[in-house]
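Remarks on the structure that follows.
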Amino acid sequence: MVRSPRLSVSTKSSARGAGRPVHRAALAAVAGALLLGAAACSGGASPSSNGDHEVVPVREGGEIVIGAEQEPDCADWLSTCSGSIWGNYMMWSATVPTAFNARQDGDDWVPKPSDLLTGEPTDELVDGKQTITYSINPDATWSDGQPITSADFKYTALQVRDGKDILDRSGYDKIAAIETPDDRTVVLTMATPYASWRALFSNGFGVLPAHLLEGKDRDALMKDGYDWSGGPWVIENWTRGTSVTLVPNDNYWGAKPHLDKVTFQFITDTSAAFQALKSGQVDALYPSPQLDALSQIEAGIPGTRSQVDAKTGNLEAVWLNNAAFPFDSPAVRKAAMYAIDRKAIVARLFGSVGVDEPAQSFFTPILGGFGDRAFAAYSLDLDEVDELMTGDGWAKDSGGFWAKGGKRAAFAVETLAGNKRRDLTLQILQTQFADAGFEMSIHNTTPSELFAKTAPNGDFQAALYTLIDTFPEPLNLSSTFLSANAPSEANGFSGINFGRVDVDGLDAVLEQIDSETDASARVAASKKADQMLADAVPAIPLDVVPNVLLWSERLGGPISINPSEGPFWNLEEWGIAQH
């Protein structure tokens with residue numbers, strides 16, 4: 001979780017967790033946002049309304065500490081090492097300017113031009129040629145006082161399109177030409193129409209400073225943090241293994257932060273993080289929705305407020321390596337779908353917050369009606385498992401497991417340690433798969449190992465993590481399933497099709513989704529792709545992971561979850577409450 005997405009294998013990883021792809025369909029029975037404990041504002045100025053949330057007035061100054069469940073591997077946002085969604089939450093969104101932001105419009109989240117631009121770019125399609133013209137806000141500057149110019153857009157676009165070790169080139173690979181007629185104007189000409197063009201210079205990449213990076217080793221200058229910013233905050237310090245600290249960008253052209261300092265403290269154990277919140281060591285948490293955490297939220301945590309939002313961009317799935325035994329067999333992949341009771345798993349994990357139906361699409365709730373619930377055709381059916389496996393030449397061995405050619409249908413699932421909810425998910429899956437004749441084991445790993453090495457190199461059989469839609473456009477389908485996006489030596493190991501998916505006919509449909517500018521035709525193509533994926537089962541969608549945000553009553557401001565950009569999307573508006 002995907003901008004290209006970013007991944008979260010929570011520990012956006014996510015249970016939100018590491019990999020970018022990252023964002024975005026109609027999933028069954030998804031509960032709306034629940035604001036729990038919001039009425040418990042102690043003394044002080046009266047709060048104002050922010051939709052369903054209270055906006056508590058804040059004072060200027062002060063410092064806060066936020067618990068972070070994951071430390072990113074690097075801060076070079078273009079590189080494959082930047083897969084952790086927490087890197088986006090803590091540093092990228094605070095320091096990198098973007099052309100578009102995800103903002104709420106009624107019940108939907110949609111792309112809106114940011115204050116980096118003077119307004120909506122012009123998008124023209126003439127004789128099949130698409131041209132997009134951006135006008136840059138003349139007030140926009142970097143933290144060193146230099147203006148943000150068209151040269152920065154050009155540098156960023158060419159780095160993504162032509163560079164090595166790029167996490168995801170989606171959209172940028174369609175840029176035929178980029179012109180900069182003056183410092184404030186950028187003109188893109190696309191080789192083929194690109195419907196999700198608003199994600200360019202936005203989703204996960206943004207715009208980088210050419211005057212500081214061009215002609216230099218970008219990765220070396222950025223990977224351990226950097227001292228420039230085009231956002232409201234500057235990275236003051238990143239102490240590996242301990243914390244990231246932000247301070248205000250004095251040269252930011254927009255609204256300045258109320259706080260003097262924000263420290264993100266790495267606390268990877270959810271129980272320890274909750275204890276830190278209760279004791280006042282941290283002021284806010286954005287935890288993976290663990291069972292004990294949800295129970296505590298329901299019961300109420302003294303001195304805190306909380307939001308649980310099930311309309312998210314978080315799709316948790318068992319991602320299968322379609323090029324590795326035993327999932328290189330379509331019959332085995334389909335049998336695996338029938339081997340598990342996804343509904344029982346979801347009800348056990350999230351039933352307490354009204355989420356009790358499995359994900360039936362690879363489109364998440366924030367993408368509205370793109371998906372077709374194609375995976376609803378699958379439910380626990382051991383007779384189907386037997387028919388598929390025997391038809392593919394498998395037979396049960398003396399231990400009751402499927403075997404073929406002297407090899408058992410055995411596989412390991414890669415996951416990140418320290419997440420009790422995920423541990424429970426794997427335990428249930430292990431039991432269900434065993435009952436169906438599959439021998440599943442669990443392999444704990446780290447975000448950097450999984451998303452920077454194991455997955456890109458294809459050295460896995462299956463993995464459990466969350467793909468996060470970080471922009472309200474159907475970007476992740478192509479990023480995740482287009483055959484050209486399988487990391488390889490030929491493409492510099494860029495792309496997040498870690499499962500080496502190559503479904504006959506699917507690429508053409510995915511490319512139609514990316515290029516179709518007619519809305520109804522694009523939705524029709526999306527639904528067709530959803531059905532093709534359900535027929536091929538390149539991965540097993542499990543659930544839509546709710547977002548959970550908790551914060552101390554000492555905090556004020558319009559605190560709420562942005563399902564595309566995360567919980568700290570408006571951190572500059574947070575502050576110490578006026579009590």
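The values are calculated or read from the model by the stated rules, or taken from the named source; none is laboratory data. These numbers were taken from a predicted model, which means no experiment stands behind them. Ideal geometry is used to build each Cβ from the backbone, glycine not excepted, and the neighbour counts take in all protein chains shown. Only protein heavy atoms, including side chains, enter the accessible area calculation; ligands, DNA and RNA are left aside. Shrake-Rupley method; radii C 1.70, N 1.55, O 1.52, S 1.80 Å.
Need the C-alpha centroid separation for the stretch 111-133 versus the stretch 299-376, integer Å. Cα centroid of the stretch 111-133 versus Cα centroid of the stretch 299-376: 35 Å apart. Lys-Lys pairs in the stretch 162-276 that are eight or more residues apart or on separate chains and whose Cα atoms lie under 23 Å of each other come to 4. Gly391 sits among other residues whose Cβ lies under 13 Å from its own Cβ, and their net charge, with Lys and Arg +1 and Asp and Glu -1, is -3. Peptides 396-406, 102-112, 472-482, 313-323 ranked from most to least packed by the mean count of surrounding Cβ atoms within 10 Å: 472-482, 313-323, 102-112, 396-406. Amide H contacts for Ala176 (H built 1.01 Å from N in the peptide plane; partners 5 or more residues away or on another chain; cut-off under 5 Å): Thr189, Met190, Ala191. Normalised Debye scattering of the stretch 191-328 at q = 0.11, 0.17, 0.20 Å⁻¹ gives log10 I(q)/I(0) of -0.72, -1.22, -1.26, counting only Cα atoms as equal scatterers and leaving out solvent.
For the stretch 415-424, putting each phi into the Karplus relation 6.51 cos²θ - 1.76 cosθ + 1.60 with θ = phi - 60° gives couplings of 7, 9, 6, x, 10, 5, 5, 5, 4, 5 Hz, in residue order, rounded to whole numbers and with x for Gly and Pro. With the simple model of a label 7 Å out from the Cα in the direction of the Cβ, Ala220 to Ala434 spans 5.2 nm.
For the stretch 554-568, the Karplus equation 6.51 cos²θ - 1.76 cosθ + 1.60, evaluated at θ = phi - 60°, returns couplings of 6, 9, x, x, x, 7, 6, 8, 9, x, 8, 9, x, x, 10 Hz by residue, with Gly and Pro reported as x. Computed over protein heavy atoms with a 1.4 Å probe, the accessible surface of the chain works out to 34 Å² per residue.
For the chain, the Stokes-Einstein estimate of translational diffusion at 37 °C and a viscosity of 0.692 mPa s comes to 138 µm²/s, using the Kirkwood hydrodynamic radius over alpha-carbon pairs. The modelled label-to-label distance between Asp292 and Glu124, using points 7 Å beyond Cα along the C-beta direction, is 6.2 nm. Close amide H partners of Ile442, meaning residues 5 or more places away or on another chain with modelled amide H under 5 Å apart, are Val413.
Give me the log10 of I(q) over I(0) for the stretch 48-158 at q = 0.21, 0.24 Å⁻¹, as the Debye formula computes it from C-alpha points; what are the numbers? Log10 I(q)/I(0), no solvent term: -1.35, -1.33. Heavy-atom accessible surface of Glu236, to the nearest 10 Å², is about 100 Å², with a 1.4 Å probe and all protein chains retained. Amide H contacts of Ser114 (H built 1.01 Å from N, in plane; Pro and chain starts excluded): Phe100, Asn101 sit under 5 Å, all sequence-distant by 5 or more or on other chains. The separation of the stretch 135-203 from the stretch 382-454, counted between C-alpha centres, amounts to 43 Å. Rounded to 0.05, the FRET efficiency of the Asp107 and Ser352 pair, given R0 = 22 Å and the Cβ-Cβ distance, is 0.40. Over all directions, the average projected area of the alpha-carbon convex hull for the stretch 280-320 comes to how many nm²? If you wrap the Cα atoms of the stretch 280-320 in a convex hull and average its projections, you get 4.3 nm². Out of every Cα-Cα pair that the stretch 518-579 contains, those further apart than 12 angstrom amount to 77 percent.
Taking every DSSP bridge with both residues inside the chain, close to 80 percent are antiparallel. Computed 3J(HN,Hα) for the stretch 132-142, one whole-Hz value per residue from the Karplus formula 6.51 cos²θ - 1.76 cosθ + 1.60 where θ = phi - 60°, is 10, 10, 9, 10, 8, 4, x, 7, 6, 9, 7, glycine and proline marked x. Modelled this way, with points 7 Å down the Cα-to-C-beta line, the labels at Asp182 and Glu449 are 5.6 nm from one another.
Carbon-plus-sulfur accessible fraction, the chain (probe radius 1.4 Å, protein heavy atoms only): 47%.
Residues His443, His579, ordered by accessible area of protein heavy atoms at a 1.4 angstrom probe radius and largest first, appear as His579, His443. With viscosity 1.306 mPa s and temperature 10 °C, the Kirkwood radius over alpha carbon pairs of the stretch 438-571 converts through Stokes-Einstein to a diffusion coefficient of 91 µm²/s. Note on Glu63 and Thr189: with the Förster distance fixed at 51 Å, the Cβ-Cβ geometry gives a FRET efficiency of about 0.60. Within the stretch 57-86, whose backbone N sits under 11 Å from a point 7 Å along Cα→Cβ of Arg240? The answer is 73-74.
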